[in-house]
Every structure is written in structure tokens, then in C-alpha cells.
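Visitor: I am attaching a structure below and will ask some questions about it afterwards.
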Amino acid sequence: MFPSEPFVLCYSSFVLLCLFLLFCLTGHTDAKITQTPSLVLKRGQTAQLTCRQTDNHNYMYWYQQQQGKGLQLIYYSLGKDNKEDGDSDIKNDFTAYRPKIEVFGLNITSVKMEHSAVYFCASSLDTALQSHLIPLQKPPPSKRASPPIST
């Protein structure tokens, strides 16, 4: 049996590569992102993380990566005053807010040991999926007359 560490590292690298490609495929990779630097807190304290971006991107995301694990989407936002739940069950410990199009905040009201992680913020003008969708409409069925049948 192989140790699980190389798999975790490969999986984490794969996830990061996929996220990088996702944002590159949209063609909007020139936004500058700044987020709260490192925090060291005691149990029960409040953590406030702030993410700012420079290009008025509609979509912003908060991810958590605990040591030895892949990224987990905590919250994402589709615009000002909007927040949507991410894919993970950990969102119950967090609150998110988007007071301005360029700011997306993440709070932990009562820090626990399991909150120890790296937190990533990302933004995009749109999603890779949406930027490649082309609206199509199925044409109505043809109402051509049938050719006469010869006997």
C-alpha cells in the first residue's frame, strides 16, 4: 500500500491547477486581489478576513484549505449584497458579506482549532462556463409540403 501523502499533494496540486485554468479560461486574469494577511488568534476570538479586487468583478469566492486537504468553497458572491453557500458543510461556522462590488468579507465569530487553515479569495468577471455559452434556439419544425407520390 502506498502512503496517502503523495496522493493528497497531487490532488491538492490538481485542484489548484483546475482553479487556475478556470480563471484563465475566462480571459479576465488581470484583476489584483488583496486579502487579510496572516492572523494568529485564540479560541473564541473573532476572525475578520477581507478580500479586495480592483476590476469590479461580479464573482468572488472564499475557499478554505486545511493542511493535507483540498480546497473547500465556503461562500461565493454574484455581486454587491449577495452571498451564496459553497459546497462544504463548514459554512455554518462562517458569515460572509459583500458591501461593495470590490469587497468580499469572511468572518468567524468564535474561532476553533479546526478553523486553522489557509484561506483563499478569488474573483472573476464571469465563470468559465458562462463565458463560453452561446444562446441557441431550436428552429421550428419544417412545414414543407410532401412531394407528390407517383404511381
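The values are calculated or read from the model by the stated rules, or taken from the named source; none is laboratory data. Because the structure is predicted, anything quoted here is derived from the model rather than measured. All Cβ positions, glycine included, derive from the backbone under ideal geometry; neighbour counts span all protein chains shown.
Visitor: Might you let me know whether the stretch 56-73 holds any residue that is among the hydrophobic types (A, V, I, L, M, F, W, C), under 18 Å from Lys112 (Cβ atoms) and touching a helix residue (DSSP H, G or I) at 6+ places or on another chain (Cβ under 8 Å)?
Guide: At the first step, the residues of the stretch 56-73 found to be among the hydrophobic types (A, V, I, L, M, F, W, C) are 60, 62, 71, 73.
Filter again for under 18 Å from Lys112 (Cβ atoms), leaving 62.
Filter once more, keeping what is touching a helix residue (DSSP H, G or I) at 6+ places or on another chain (Cβ under 8 Å): none.
No; the residues of the stretch 56-73 include none that is among the hydrophobic types (A, V, I, L, M, F, W, C), under 18 Å from Lys112 (Cβ atoms) and touching a helix residue (DSSP H, G or I) at 6+ places or on another chain (Cβ under 8 Å).
Visitor: Could you list all residues from the stretch 56-69 that are surrounded by 15 or more Cβ atoms within 10 Å (Cβ to Cβ) and in contact (Cβ under 8 Å) with a residue 60 or more places away in the chain?
Guide: Within the stretch 56-69, the first condition is being surrounded by 15 or more Cβ atoms within 10 Å (Cβ to Cβ), and the residues that meet it are 57-65.
Once the filter is applied, which keeps residues that are surrounded by 15 or more Cβ atoms within 10 Å (Cβ to Cβ) and in contact (Cβ under 8 Å) with a residue 60 or more places away in the chain, the stretch 56-69 yields His57, Asn58, Tyr59, Met60, Tyr61.
Visitor: Please count how many residues of the stretch 85-116 are at pLDDT below 90, exposed (fewer than 15 other Cβ atoms within 10 Å of the Cβ) and part of a helix (DSSP H, G or I).
Guide: Summing the residues that are at pLDDT below 90, exposed (fewer than 15 other Cβ atoms within 10 Å of the Cβ) and part of a helix (DSSP H, G or I) in the stretch 85-116 gives 2.
Visitor: Still on this model: Go through the residues of the stretch 24-46 one by one and say whether even a single one is more than 15 Å from Leu106 (Cβ to Cβ), outside any loop (DSSP other than H, G, I, E, B) and modelled with pLDDT under 95.
Guide: yes
Visitor: If you don't mind, another one. What's the number of the only condition in (1) more than 13 Å from Leu49 (Cα to Cα); (2) modelled with pLDDT of 75 or more; (3) within 13 Å of the chain's Cα centre (by Cα); (4) surrounded by 13 or more Cβ atoms within 10 Å (Cβ to Cβ) that Asp126 fails to meet?
Guide: If we test Asp126 against (1) more than 13 Å from Leu49 (Cα to Cα); (2) modelled with pLDDT of 75 or more; (3) within 13 Å of the chain's Cα centre (by Cα); (4) surrounded by 13 or more Cβ atoms within 10 Å (Cβ to Cβ), just (2) comes out false.
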